Structures are given as structure tokens and as C-alpha cells.
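Below is one structure, written out as C-alpha cells; comments come after it.
The values are calculated or read from the model by the stated rules, or taken from the named source; none is laboratory data. Remember, predicted model here, so these are calculated numbers, not experimental data. Quick reminder, even Gly has a Cβ in these numbers, built from the backbone with ideal geometry, and neighbours come from all protein chains shown.
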Amino acid sequence: MKISSEEIKSKVSELAKEISNYYRGRLVDELCIVVPMNGGVPFAVDLLREITNPGADQIFISYVFDEDENWNFSGSKPKNNSSILIIEDIYDTGETLSNLIDYLHQEYSPSDLQIVVMLDKKIKKHKLVDIGWKGFDVEDTWVYGYGMDDENGTLRQLSYISDEERD
């Protein structure tokens, strides 16, 4: 399986239009962008370049798990009752997204919480999550590129997504 950089660019544009249409006409003072893991950063950056009219301000927030599996901010924090858009690279078991959603609801009571994922892995989900927008369906395989690393923690920098073995 290989998703080319051209296919990614096209899908990002399509998703950005759908997300822009969703937020158009809504009263959104600020849209908090939450990127749970490093792998989603290239997708988030490309997507945010194309989203129009999401609100007065966009705040980019990144979360990471610490050793105790607690969520920690690496940037600013959302305001209570704000609109939150989670941008995630891959939806696989649903554990990470489910935990993050629970945390955001408990800590910040968002007025609106939406999720966009680049990839939806075709596996049995441990936790079902309502995904607003998704890019591509992929089989149950290890994928790398476009921010996601391979089994060795490398190849995040590639402009495409693949599951093919590399020499």
C-alpha cells in the first residue's frame, strides 16, 4: 500500500473544505487545535493552511503522554467551553483518542469537540470514537511517512505514506 504525496495533498484539501464548511456560520471565538502525538503534526500543519473561517483565533496545542500516561500540554491550554478540533494521524484501537476526549471533557467542557484523522485502520476498535472527518482507510499494517515513524522510529519525513518494506 502506498498513498502518494499528491493523493495526500488532494485529500487534505478536501478535508479542509469540509471542515471549513462545518465551522462556517458557527459562532466560534477561537478554535483550539489539539494534536495528540508527533505523528499528526505534518497533517495538522497542512490542514490548518487550508481551513478558512474557523473562528477568530486558532490556538495550536500539542499533547503528549508522560511516563505515567498523563496528558501534558506543550503549549497553551484551551479555554473552558471553547471549540476543539483534534487532528490525529491514525485511528486504530481508539484508546488514545478516547482517553484524550474524556480528559478534554473533564478539564475544559468544550462547547464543541470534533475529530479529523488522516488514516482509519481497519481493525477491531477497543474504544469507538465518533470521527467527524477521515482521509483514508488502511489495512491492519504498520504504516510510515507523512509524520508517522516506522518500526525503527525513522522515516517520518517522507512525503507519502506506505507500509512497504524498505531496504
(request) Could you grab the pairs with beta carbons closer than 7 Å, sequence gap of 6+ or different chains, first residue in region 118-131 and within 22 Å of Gly147 (Cβ to Cβ) and without any contact (Cβ under 8 Å) to a residue 40 or more places away in the chain, second one surrounded by fewer than 18 Cβ atoms within 10 Å (Cβ to Cβ) and aliphatic (A, V, I, L, M)? (result) Asp120/Ile131
(request) Please identify the pairs in which a residue from region 140-162 that is on the phi > 0 side of the Ramachandran plot has its Cβ atom under 6 Å from the Cβ atom of a residue that is among the basic types (Lys, Arg), counting only partners at least 6 apart or on another chain. (result) Gly147/Arg156
(message) Exactly one condition in (1) surrounded by 15 or more Cβ atoms within 10 Å (Cβ to Cβ); (2) farther than 18 Å from Leu48 by Cα; (3) of a type outside the set (Gly, Ala, Ser) is false for Asn81; which is it?
(response) (1)
(request) Could you please let me know if Ser111 is at pLDDT 90 or above, farther than 23 Å from Arg26 by Cα and polar (S, T, N, Q)? (result) no
(message) Just to verify a result, which residue in region 23-46, among those that are charged (D, E, K, R) and touching a Gly at 6+ places or on another chain (Cβ under 9 Å), is farthest from Tyr103 (Cα to Cα)?
(response) Arg26
(request) For region 1-38, enumerate the residues that are among the β-branched types (Val, Ile, Thr) and not in a loop (DSSP other than H, G, I, E, B). (result) Ile3, Ile8, Val12, Ile19, Ile33, Val34, Val35
(request) Go through Glu7, Glu50, Glu30 for me and flag whichever is surrounded by fewer than 19 Cβ atoms within 10 Å (Cβ to Cβ), acidic (Asp, Glu) and at pLDDT below 85. (result) Glu30
